[in-house]
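Please read the structure below before turning to the comments.
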There are 2 protein chains.
Amino acid sequence: MTEVIKVGGAVVEDVEQLAALLDAFAKLGSPKILVHGGGRSATRLAGQLGVESHMAGGRRITEEKMLKIVTMVYGGLVNKNIVAKLQARGVNALGLTGADLNLIRAHRRPTTPEGIDFGFVGDVDSADGARLQQLLDAGITPVVAPLTHDGRGLLLNTNADTIAMAVATALPEQTSLTFCFDLPGVLRDAKDPSTLIPRLTEADFRALVADGTIAGGMIPKLENAFKALREGVIKVRITSFHDLQGGTVITL
Amino acid sequence: MTEVIKVGGAVVEDVEQLAALLDAFAKLGSPKILVHGGGRSATRLAGQLGVESHMAGGRRITEEKMLKIVTMVYGGLVNKNIVAKLQARGVNALGLTGADLNLIRAHRRPTTPEGIDFGFVGDVDSADGARLQQLLDAGITPVVAPLTHDGRGLLLNTNADTIAMAVATALPEQTSLTFCFDLPGVLRDAKDPSTLIPRLTEADFRALVADGTIAGGMIPKLENAFKALREGVIKVRITSFHDLQGGTVITL
């Protein structure tokens, strides 16, 4: 079974947390793929350059200057540092964006009915699972940055959870998908790790959203998890960056 | 025969020149590899961020902040834009640094006898020509950024001409190496394109350096060319970015 691990910006931007994640990732058996974010570094660099980050509905609007910044941060700084650190751990990592090998095609998101133009944000059209499988079969570990392309020369900014989903569902072999961050998993009380929910069904999820136990950014993450299961991913896990085999297992 | 094309920062940072280069590159038969620079963009970004560029003997000293900048610019901005633009031209490009697939190993340059510490600059130890050949055999066109790694998790800044040399000499098949820039080739008078030298031997080169006709940055470029020929590259060419089959052919 191929493991697709997605890690967010907060972990990859903390030297010690990133080291712990990469130790855990290196110990996983192959085949495996790492998908990473990096939004906080992008926001910080934008601030240093005097480029304002505009948000709409919790999502970044990617203006042209911001597209350059995320291309530098996601495709360069974060991706290549992870690759070098995995090579140091004996993992034959290959850093990729959706443009490399034409892996992930996307189109620029249309202006919403409410008139919001997200700028250079890409909604995924297709991911080349067969090509990723060839890389895995050759002993290569892809490290995927949250950038796609439109096939006409334009790079696009795409949410890392969406990239992880697209990659996991495109692979021809059985796949598990793990979202890891700085909490032990899905908690009943975000401040108390002992309230970890070890298994979560879609019915449980709906009930916990209805009573307010699950809220905020966890909701789209779990919606994505159920979508992945419906699209054929065998197992979805939400866990801590230093325990890739623990946390909450999500089932339909 | 595999063609390795090296293009410098001045061309890749000019939208129209880059488009002309990529048109010419796309038209070349396969197999082929593109190696690019990007120093001017790095210097500009450093200026915007208030990071000073220190030079010694015409070479950039790579302090820690500058290493981050070149990782962003070479590995992200320049590399991924070239990849996306080649994909739009039907070339199945894959952006790489020396860390990806452990392609190019280097060590940090020791402090010189004169006491100059170049910082995070890598001198190449080895390039994995067999792996590059596998990619070429799979119909993939590598696009290589001037970054290497030390195998212990550290990225290093390495001169793009040196990367092109290392790649061309490591490939197992016969290889030609083309350095392209914004002049038609090696000129007797840098201001007069009609003084193009169509073929240049090492003896000619020594004589033209002695009489001052060839000077400045062209000297290390030509020294590299002769080194490549001595190490088994079949043909070295110095030419314009829009005429990859013209210019000056260098022979021993």
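The values are calculated or read from the model by the stated rules, or taken from the named source; none is laboratory data. Keep in mind that this is a model prediction, so the values were computed, not measured. Quick reminder, even Gly has a Cβ in these numbers, built from the backbone with ideal geometry, and neighbours come from all protein chains shown.
Would you say residue A:171 is in contact with a Gly (Cβ under 7 Å, 6 or more places away or on another chain) and touching a residue at least 24 places away in the same chain (Cβ under 8 Å)? Yes, satisfied.
Of all residues in the stretch B:204-231, those satisfying the criterion of being of a type in the set (Gly, Ala, Ser) and either surrounded by 15 or more Cβ atoms within 10 Å (Cβ to Cβ) or modelled with pLDDT of 95 or more (or both) are B:207, B:210, B:225, B:228.
Within the stretch A:178-185, not a single residue is among the aliphatic types (A, V, I, L, M), under 15 Å from the mean Cα position of the chain (by Cα) and either outside any helix (DSSP H, G or I) or farther than 30 Å from residue B:82 by Cβ (or both). Of all residues in the stretch A:37-50, none are over 24 Å from residue A:221 (Cβ atoms) and either acidic (Asp, Glu) or under 18 Å from the mean Cα position of the chain (by Cα) (or both). I'd like the full set of residues that are within 25 Å of residue B:157 (Cα to Cα), in contact with a Leu (Cβ under 9 Å, 6 or more places away or on another chain) and of a type outside the set (S, T, N, Q), limited to the stretch A:43-64. Selection gives A:45, A:49.
Among the numbered conditions (1) assigned to a loop (DSSP other than H, G, I, E, B); (2) surrounded by fewer than 23 Cβ atoms within 10 Å (Cβ to Cβ); (3) modelled with pLDDT of 90 or more, tell me where residue B:52 comes up short. Residue B:52 satisfies all of (1) assigned to a loop (DSSP other than H, G, I, E, B); (2) surrounded by fewer than 23 Cβ atoms within 10 Å (Cβ to Cβ); (3) modelled with pLDDT of 90 or more except (3).
Determine if the stretch A:230-252 includes at least one residue that is in contact (Cβ under 8 Å) with a residue 12 or more places away in the chain, polar (S, T, N, Q) and in contact with a Cys (Cβ under 7 Å, 6 or more places away or on another chain). There is at least one residue in the stretch A:230-252 that is in contact (Cβ under 8 Å) with a residue 12 or more places away in the chain, polar (S, T, N, Q) and in contact with a Cys (Cβ under 7 Å, 6 or more places away or on another chain).
In the stretch B:6-29 there is no residue that is under 21 Å from residue A:94 (Cβ atoms) and in contact with a strand residue (DSSP E or B) (Cβ under 7 Å, 6 or more places away or on another chain).
Restricting the search to strands (runs of 3 or more DSSP E) fully inside the stretch A:98-175 and requiring at least 2 residues that are surrounded by fewer than 21 Cβ atoms within 10 Å (Cβ to Cβ) and at pLDDT 95 or above gives A:104-108, A:122-127. Looking across the stretch B:129-147, the residues that are in contact with a strand residue (DSSP E or B) (Cβ under 7 Å, 6 or more places away or on another chain), closer than 18 Å to residue A:131 by Cβ and within 12 Å of chain A (Cβ to nearest Cβ) come down to B:135, B:140, B:141, B:142, B:143. Residue-level analysis places residue B:85 among those that are in contact (Cβ under 8 Å) with a residue 60 or more places away in the chain and either surrounded by fewer than 19 Cβ atoms within 10 Å (Cβ to Cβ) or among the charged types (D, E, K, R) (or both). Of the residues making up the stretch B:95-109, those that are within 7 Å of another protein chain (Cβ to nearest Cβ), touching a residue at least 12 places away in the same chain (Cβ under 8 Å) and over 16 Å from the mean Cα position of the chain (by Cα) number 3. Per the listing B:32, B:27, B:6, the residue uniquely basic (Lys, Arg) and surrounded by fewer than 20 Cβ atoms within 10 Å (Cβ to Cβ) is B:27. If the condition is being over 17 Å from the mean Cα position of the chain (by Cα) and either part of a helix (DSSP H, G or I) or within 18 Å of residue B:11 (Cβ to Cβ) (or both), then the stretch B:217-242 contributes only B:230. If I filter the stretch A:234-243 down to residues being of a type in the set (A, V, I, L, M) and buried (at least 21 other Cβ atoms within 10 Å of the Cβ), which single residue comes out as farthest from residue A:16 (Cα to Cα)? Of everything passing the filter in the stretch A:234-243, A:236 is farthest from residue A:16 (Cα to Cα). Filter the stretch B:55-94 down to residues that are of a type outside the set (A, V, I, L, M) and assigned to a strand (DSSP E or B) and give me whichever is nearest to the other protein chains (Cβ to nearest Cβ). Per the criteria, the residue is B:62. Can residue A:43 be described as out of contact with any His (no Cβ under 9 Å at 6 or more places or on another chain), of a type in the set (Ser, Thr, Tyr) and within 13 Å of chain B (Cβ to nearest Cβ)? So residue A:43 fails the test.
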